[in-house]
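Enquirer: Handing you a structure now.
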Amino acid sequence: MLKANVGQRFDVGAGTKCPLRRLPHRSARIGDTALTLRKLIVGLGLALSVQTLSATAQTPGQPPDTMAARVEACTPCHGNKGEGTTDVYFPRLAGKPAGYLYNQLLSFKNGRRKYPPMNYLLEYLGDQYLQEIADYFAEQRPPLPAPAASEVSAQVMQHGQSLVARGDPARQIPACGSCHGPGLTGMEPGIPGLLGLRPNYISAQLGAWRYGTRTAKAPDCMQQVAARLTEADVTAVAAYLASRPAPINAAPAGKGAYVLPFACGSEPD
């Protein structure tokens with residue numbers, strides 16, 4: 001969703017740090033890139049090979065033919081059940097609508113979303129297999145992490161709350177909750193929840209939408225909204241969303257549970 005503030009990494013893909021591409025005047029915290037890439041490449045071999053397991057009788061010594069085993073390539077970055085990891089730039093996948101997750105996997109496979117490890121990992125996987133991966137993570141329900149501690153002022157937090165709950169009609173900015181739901185848990189089949197994410201990740205994604213490094217098929221509603229946000233708005237929204245406690249039921253609302261403010265439909269790409 002966004003642009004990182006000065007001194008932060010800029011997320012150009014699915015909310016992950018990108019060691020191979022930076023925007024002008026933006027610093028990037030590389031981290032242990034070599035280790036991450038090695039894990040992804042090892043995982044790629046697993047992801048490609050396990051597609052053939054179902055056609056082969058299970059024998060001693062073979063890995064178990066389960067989706068949990070098949071998605072082990074995803075776990076170094078996204079957690080064992082998609083709950084996220086300590087790296088705030090890798091997003092939580094668990095419990096997001098399967099349609100949304102599938103669209104993002106397709107976008108990485110087709111190169112419309114660009115993050116080289118993800119593009120490489122998914123390039124040769126079939127669309128049906130991507131749907132199965134999306135279905136698996138959509139069904140996971142690990143607990144949401146504790147809200148992130150915030151360093152912003154009470155005034156900034158209040159501004160974020162106002163934008164999330166009411167938007168800014170004068171600037172044609174709808175409330176976040178008008179699309180992502182009153183409980184910010186998203187809606188089936190394609191609108192993701194906004195809870196359980198860290199402020200740096202939220203800020204990075206909003207910046208990516210603002211500057212066009214993350215796009216969707218027309219009508220690109222998130223780009224339209226994000227383009228109207230200022231840097232101060234992004235900071236405030238990210239801080240407020242990351243401070244929200246987990247609701248009793250964090251599952252996405254059913255399709256058509258509420259009326260969207262745009263003609264985007266409920267299946268954003």
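Enquirer: How about the range 101-209: which GluC sites (Glu not before Pro) there are in a DSSP loop, with at most 10 other Cβ atoms within 10 Å of their Cβ? If you can, show how the numbers build up before the last one.
Expert: Values: sites: GLU123, GLU132, GLU139, GLU151; in loops: GLU123, GLU151.
When the GluC sites (Glu not before Pro) of the range 101-209 are filtered for loop state and at most 10 Cβ neighbours within 10 Å, GLU151 remain.
Enquirer: Compute the length gained on full extension between GLN131 and LYS217: take 0.36 nm times their separation in residues and subtract their Cα-Cα distance, giving the result in nm to one decimal. List each step's numbers first, then the result.
Expert: Details: separation 86, 0.36 × 86 = 30.96 nm, distance 1.89 nm.
Using 0.36 nm per residue and subtracting the Cα-Cα distance, I get 29.1 nm.
Enquirer: Oh, and also: In nm, give the distance between the simple-model label positions of GLU151 and ASN80, each being 7 Å from the Cα along the Cα-to-Cβ direction.
Expert: Placing both labels 7 Å beyond Cα along the Cβ direction yields 3.2 nm.
Enquirer: Further question on the same structure: If R₀ is 51 angstrom, what is the calculated FRET efficiency for the pair LEU260 and GLN62, using the beta carbon separation as r and rounding to 0.05?
Expert: Values: r = 46 Å, r/R0 = 0.91.
Step by step, r from the Cβ atoms, then E = 0.65.
Enquirer: Oh, and also: Rank these for me by crowding, ARG112, ARG210, ARG92, going from fewest to most other beta carbons within 10 Å.
Expert: Values: ARG112 15, ARG210 23, ARG92 26.
With the sparsest Cβ surroundings first, the list reads ARG112, ARG210, ARG92.
Values quoted throughout were computed directly from the atomic coordinates according to the rules given, and no laboratory measurement underlies them. Just so we're clear, the structure is a prediction, and the values are computed from it rather than from any experiment. All Cβ positions, glycine included, derive from the backbone under ideal geometry; neighbour counts span all protein chains shown.
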